[in-house]
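Readers should treat all values here as calculations from the given coordinates under stated rules, not as data from a laboratory. Bear in mind the structure is a predicted one, so any value in this text is a computation, not a measurement. Every residue, glycine among them, receives a Cβ derived from its backbone with ideal geometry; neighbour counts consider all protein chains shown.
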Amino acid sequence: MDNNYTGRNTKRLVVGVVALIIINMLIISAFQSQKAGAVSYKKGSSGETVTTIQKKLKAWYYYFGGIDGIYGSQTEAAVKLFQQKNKLAVDGIAGPKTLAAMGISTASAPTTQTNDLNLLARLISAEARGEPYKGQVAVGAVVLNRVKHPSFPNTISGVIYQKGAFTCIDDGQFNKPVVDSAYQAAREAINGSDPSGGAIYYFNPSTATSKWIWSRPLLLVIGKHRFCL
């Protein structure tokens, strides 16, 4: 037997095995990169998360197209409006920050619950900073009462970001540091406490500009806020 021939075959076999290993490593690396980047959605994306994005944007009156799970031009434009309104980078891409602002989590349920708590605390701080603690819990309860009400979005993030629902979203108060009591008030409201008596609206009579809000049946007054149905 030709030893040189055998040696050449052995070398080819080794090279082939090494090449196969390298190819497998590249495939695995590409798969992991694709998986890691899956938290961003943009024009051309499709699937259940895109459907969720469309449903939320439609509920908040940013999106008026069909719910088809396809990230097209209308979805991209709606995402840009949402980003602009919420002081995010306006690129039309639903990345981690935009998804978090929408209340969409790609992680586990506890993370979603944490996002809800943080969003509710931020709203309470922005809308009821300086109000009695009972009034802060009541503001949080109004948000949760809306979640249960058929006339409003059925998530905390949906209620908070509903277009025109809370002035703090428009005037920048929502992005200011959160007072410590707001976190406690948010937890209490999420745990079922409702000092508002089931209210779905509240307003400060000294700053309210809407005549319509005065027509709502009054339940009670806490601090500077009137809580209504």
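The table for this structure:
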| item | result |
| --- | --- |
| Exceeding the 18 Å Cα-Cα cut-off - candidates Lys80/Lys163; Lys56/Lys85; Lys134/Lys211; Lys85/Lys148; Lys85/Lys163 | Lys134/Lys211; Lys85/Lys148 |
| Cα coordinate range in segment 48-102, projected on the principal axes (Å, largest first) | 26, 18, 18 |
| In segment 45-127, chymotrypsin sites (Phe, Trp or Tyr not before Pro) in a DSSP loop with at most 13 other beta-carbon atoms within 10 Å | Tyr61, Phe64 |
| Under 5 Å, built H, 5+ apart or other chain: amide partners of Tyr202 | Cys228 |
| Viscosity 1.002 mPa s, 20 °C: Kirkwood-radius Stokes-Einstein D of segment 169-228 over Cα pairs, µm²/s | 161 |
| Segment 71-169, Rg to Rh (Cα coordinates; Rh as Kirkwood inverse mean 1/r) | 0.99 |
| Distance in nm between pseudo-label sites at Lys55 and Val90 (7 Å out along the Cβ direction from Cα) | 2.9 |
| Using θ = phi - 60° and Karplus 6.51 cos²θ - 1.76 cosθ + 1.60, couplings along segment 77-86 (whole Hz; Gly, Pro as x) | 5, 5, 4, 4, 4, 4, 5, 4, 5, 9 |
| Volume in Å³ per residue [convex hull over Cα atoms, computed for segment 123-187] | 76 |
| Rule-of-thumb Rg ratio for segment 109-228 [Cα; 2.2 N^0.38 Å; N residues] | 0.97 |
| Dipole magnitude of segment 109-228 about its Cα centre (Cβ charges: Lys, Arg +1; Asp, Glu -1), debye to nearest 20 | 260 |
